[in-house]
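Structure, as structure tokens:
What follows is calculated from the coordinates using simple rules that are stated; it is not laboratory data. Nothing here was measured: the structure is a model prediction, and the numbers come from that model. Here the Cβ positions follow ideal geometry from the backbone for every residue, glycine too, while neighbour counts run over all protein chains shown.
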Amino acid sequence: MKLKKNIVELFDEAKTNNSYVKICAPMVRYSKVQFRTLVKNYGTELTFTPMILADSFCQNSKARTNEFSTTTSDSPLIVQFAANNALDFADASKLIYPYADGVDLNCGCPQKWAMKDGYGCALLSKPNLIFNLVREVKNSLSPNFSISVKIRVLDDLKKTINLCQQLEKCGVTFLTVHGRTPQQKTGDSINVAALEEVCKSVQVPVVANGGIKTLQDADTLYNATKCNGVMAASGILTNPALFSGANRTPLSCVKLWQTFKNKDKQKITFQCYHHHLVFMLEKVLTKQQKLVFNHLSTFEDVDEYINKYLYEPESDFNYAYDLDDFLVCDFPDEITLKHSHKCRGCSKSVCYCTCSKYDYDATDGSFFTSYIETKDSSDYMDSNIFNEYDSG
Ligand SMILES: Cc1cc2nc3c(=O)[nH]c(=O)nc-3n(C[C@H](O)[C@H](O)[C@H](O)COP(=O)(O)O)c2cc1C
């Protein structure tokens, strides 16, 4: 059985304490269960999965296995879907329902492949479609199950507010607003005034997102906007202990990451393990050390490096949240069979089907290879870190 948390109560509890919910963002490739458990040990109160394509999730068992894994205590958890029609979104939500506390619709992904297929930011120009998707899920699942939408601010503040008010009428549980427009880049400053106006204009909880690198940044954004939650993405990748107040990754956190990897090495790829450490150690290692560390290529070499150069006895840490038993997820045939015949694969930007050019047997998920191959990932990746990673 999986632990469950009512998301409305989570926001209510924070409000009662004159505070806000501290949230780890959906991050393609990165916000997987091991990382979600890690950040919960350092003050994060709500986590999101990476964005999952709803149609592939309904159609293909390999997509379900590769894109989603969870443990008995992986809660509070929101599963984020990219969807462009109500049936896929509603059925993907029904499939995930026993294993999550809510679903989120991605309306903020600016990547070309997503826009081309009508996902992410493309939905922002079709508000009626967003409303249909939300209503469909709202009508088909328990009222305790959270349904949220993640958007970006639009150039026109009135339109942003109108969209949020309409979403509130459709019954969203909460909204996340990234304070940069779809055209803005990762490094651009966020529009705090627009976030404040959005917070004032709706009753449902609003999560503010963008540019959070420290707990102080999060407190400042909360005080400026009176939002109900603050979400961090790139900042929490480089410092998973961000919400605990640490200004850079503590060594205890690196050690705990190792511990979680050791729990079940089959459940984490080397690439995922190493990439996270490259991010986490960004402010910890010297430039010379990074030249070596970023090019290590086996679990053993990475662990040897950490134990030799980074391990300190006091970095042991009594952690509250363990990486508990992985759940074997059961997805009912009555839903999946409805979708299994659909294969638009060859014409799609990202495809899981057997006719695909992507070999989905790769354990690290060819889905993500497409992001890298298209070189269209800069908006979801901290390009500085990747440049450094690439060049050593
Ligand atoms: C590596 C990476 C992956 C991301 N993947 C997703 C995603 O799957 N879904 C989503 O809605 N946003 C995604 N984002 C965007 C973040 O959730 C967030 O909205 C954005 O990075 C702004 O927050 P930040 O300034 O704290 O990084 C991603 C960002 C990064 C850095």
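In terms of surrounding Cβ atoms within a 10 Å radius of their Cβ, His276, His178, His295, His341 rank from fewest to most as His341, His295, His276, His178. A simple spin-label model places the labels of Asp156 and Lys287 4.8 nm from each other, with each point 7 Å out along Cα-to-Cβ.
Rounded to the nearest 500 deg cm²/dmol, what is the calculated helix-only ellipticity per residue at 222 nm for the chain, with -39500 (n - 2.57) per DSSP H run of length n ≥ 4?
Numbers: 18 runs with 164 residues, N = 392.
-12000 deg cm²/dmol, from helical runs alone.
If a spin label sat at a point 7 angstrom from the Cα of Thr16 along the line to its beta carbon, the backbone N atoms of the stretch 44-81 nearer than 18 Å would be those of 45-46, 76. Between the alpha-carbon centres of the stretch 200-230 and the stretch 169-199 there is a gap of 10 Å. Given their separation in residues at 0.36 nm each and the Cα-Cα distance between them, Ser142 and Leu327 gain 64.4 nm when the chain is fully extended.
Could you list, in their original order, any pairs among Lys5/Lys261; Lys22/Lys267; Lys94/Lys265; Lys62/Lys338 whose Cα atoms are separated by more than 18 Å?
Lys5/Lys261; Lys22/Lys267; Lys94/Lys265
Report, in cubic angstrom per residue, the convex hull volume of the C-alpha atoms of the stretch 58-200. Intermediate values should be presented prior to the final figure.
Details: hull volume 18.4 nm³, N = 143.
Each residue corresponds to 129 Å³ of Cα convex hull volume.
Report the extension gain between Lys265 and Lys116 in nm, rounded to one decimal, defined as 0.36 nm multiplied by the number of residues separating them, less their alpha carbon distance.
On the way: separation 149, 0.36 × 149 = 53.64 nm, distance 3.63 nm.
Difference between extended and current length: 50.0 nm.
Model label points for Phe317 and Ser73, set 7 angstrom from Cα along the Cα-to-Cβ axis, are 1.5 nm apart.
What full-extension length gain, to one decimal in nm, is calculated for Lys126 and Lys5 as 0.36 nm per residue of separation minus the Cα-Cα distance? Write down the numbers at each step before the final one.
Details: separation 121, 0.36 × 121 = 43.56 nm, distance 3.17 nm.
My answer for the length gained is 40.4 nm.
Taking the alpha carbon gyration tensor of the chain, multiplying each eigenvalue by 5 and rooting it gives semi-axes of 30, 26, 21 Å, largest first. Taking every DSSP beta bridge that has both ends in the chain, the antiparallel portion is near 5%. Too long at a 23 Å Cα-Cα cut-off: which of Lys2/Lys263; Lys138/Lys169; Lys126/Lys213; Lys213/Lys263? Going by Cα-Cα distance, Lys126/Lys213; Lys213/Lys263 fall outside the 23 Å limit.
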